[in-house]
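The values are calculated or read from the model by the stated rules, or taken from the named source; none is laboratory data. Worth saying up front: this structure is predicted, and the values here are computed from it rather than measured. Cβ coordinates were reconstructed from backbone atoms using ideal geometry, including for glycine residues, and neighbour counts include every protein chain displayed.
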Amino acid sequence: MLEYRGRRVTESDVELVRELIRAHPNASRRQLSTKLCEVWQWRQQNGSPRDMVCRGLMLELDRAGYIELPAIKKRPPNPLARRPRPAAVDVDRTPVRAELWGLGGVELRQVRRSTEEQLFNGLIEQHHYLGYTQPVGEHLKYVAYAAERPIACFAWGSAPRHLGPRDRFIGWSAAERRERIHLIAYNPRFLILPWIEVRHLASHLLARMVRVLSADWQKMYGHPVHFAETFVDPERFAGTCYRAANWIRLGRTTGRGKDDRTHRPNRSLKEVLGYALHPRFRELLRGAR
């Protein structure tokens, strides 16, 4: 009948949803989606129900006329629609001009769901040319410290679903990609604070980052990541630090974006760079035994 987020929905699935609605006439849409997740054992890698995905599927079935959902009982405010910008943070901005060894050691801290997360958000908002955007889906945030002073930030998130250069490089099928896209991490932000001038610091941090990323993802979400990717805008940057850290060029984006319907470029082309986090990354991403 239809396919939604990697699940093929059959007529028997639709009938099961209808029966669920009939059996719980006073249930809200959220309650119904929670019950459906339980019946289907539809869970995220960390064990939580895939409630939002399930609600999206039920809404698609309702719009297509396969089922009739109960009327919306209330519309709670959407915190994402009115999310305030991160507040400015006060940090030591004394210029640092030194060799890498002169920093006296660098510490990478994963700050997602910690008291330091607001520091990360504020630094990205103030000092990254793209500013801060709230990640959707699985993501991690890192702050690099030298002598307890923040010197850099990394953001990691869920990978784009479709990315031609990456998909050709891995060689996986569409079905394999849908099933295992969560095993790739995307680097949307990398910031060296503007008053930090240390040669080779960026490539050093990237090399440190890829050694801990998969294990930290496992701790947070219950599964590893086997490949890392990023975009570089060639009109602004050459991607030198990534190349120095042994990331490889996979190709260029089409400039059309994930929701394009015109098949015409509507944004700047980006270089796609990738890094294997596991020597058998292709086998693991393609599901080979």
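Is it fair to say ILE67 is assigned to a loop (DSSP other than H, G, I, E, B), of a type outside the set (D, E, K, R), in contact with a Leu (Cβ under 8 Å, 6 or more places away or on another chain) and buried (at least 16 other Cβ atoms within 10 Å of the Cβ)?
Criteria met by ILE67.
Are any of the residues in the range 40-61 at pLDDT below 90, loosely packed, with under 10 Cβ neighbours inside 10 Å and over 21 Å from the mean Cα position of the chain (by Cα)?
The answer is yes, given that some residue of the range 40-61 is at pLDDT below 90, loosely packed, with under 10 Cβ neighbours inside 10 Å and over 21 Å from the mean Cα position of the chain (by Cα).
Any chance you could count how many residues in the range 101-129 are within 15 Å of ILE151 (Cβ to Cβ) and exposed (fewer than 13 other Cβ atoms within 10 Å of the Cβ)?
Of the residues in that region, 5 qualify.
Being surrounded by 21 or more Cβ atoms within 10 Å (Cβ to Cβ) and free of Cβ contacts under 8 Å to residues at least 40 places away in the same chain narrows it down to one of VAL143, VAL136, so name that one.
Just one listed residue meets the conditions, VAL143.
Find all pairs meeting these conditions: Cβ atoms under 7 angstrom apart; at least six residues apart or on different chains; first residue within the range 250-275 and part of a strand (DSSP E or B) and modelled with pLDDT of 55 or more; second residue among the acidic types (Asp, Glu) and surrounded by 12 or more Cβ atoms within 10 Å (Cβ to Cβ).
ARG252/GLU271; VAL272/GLU229; LEU273/GLU229; GLY274/GLU229
Kindly establish whether LEU163 is in contact (Cβ under 8 Å) with a residue 40 or more places away in the chain, farther than 21 Å from LEU108 by Cα, surrounded by 14 or more Cβ atoms within 10 Å (Cβ to Cβ) and in contact with a His (Cβ under 7 Å, 6 or more places away or on another chain).
So LEU163 does not fit the description; no.
Residue-by-condition table, conditions (1) more than 30 Å from SER214 (Cα to Cα); (2) at pLDDT below 90; (3) not hydroxyl-bearing (Ser, Thr, Tyr):
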| site | (1), (2), (3) |
| --- | --- |
| LYS74 | yes, yes, yes |
| PRO77 | yes, yes, yes |
| ARG83 | no, yes, yes |
| VAL91 | no, no, yes |
| ARG97 | yes, no, yes |
| VAL106 | no, no, yes |
| VAL111 | no, no, yes |
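Residues in the range 81-91: is at least one within 25 Å of ARG252 (Cα to Cα), surrounded by 12 or more Cβ atoms within 10 Å (Cβ to Cβ), without any contact (Cβ under 8 Å) to a residue 60 or more places away in the chain and out of contact with any Pro (no Cβ under 7 Å at 6 or more places or on another chain)?
Scanning the range 81-91, I find no residue that is within 25 Å of ARG252 (Cα to Cα), surrounded by 12 or more Cβ atoms within 10 Å (Cβ to Cβ), without any contact (Cβ under 8 Å) to a residue 60 or more places away in the chain and out of contact with any Pro (no Cβ under 7 Å at 6 or more places or on another chain), so the answer is no.
Identify the single condition in (1) without any contact (Cβ under 8 Å) to a residue 40 or more places away in the chain; (2) under 30 Å from VAL9 (Cα atoms); (3) basic (Lys, Arg) that ARG109 does not satisfy, given that it satisfies every other one.
Going through (1) without any contact (Cβ under 8 Å) to a residue 40 or more places away in the chain; (2) under 30 Å from VAL9 (Cα atoms); (3) basic (Lys, Arg) one by one, ARG109 breaks only (2).
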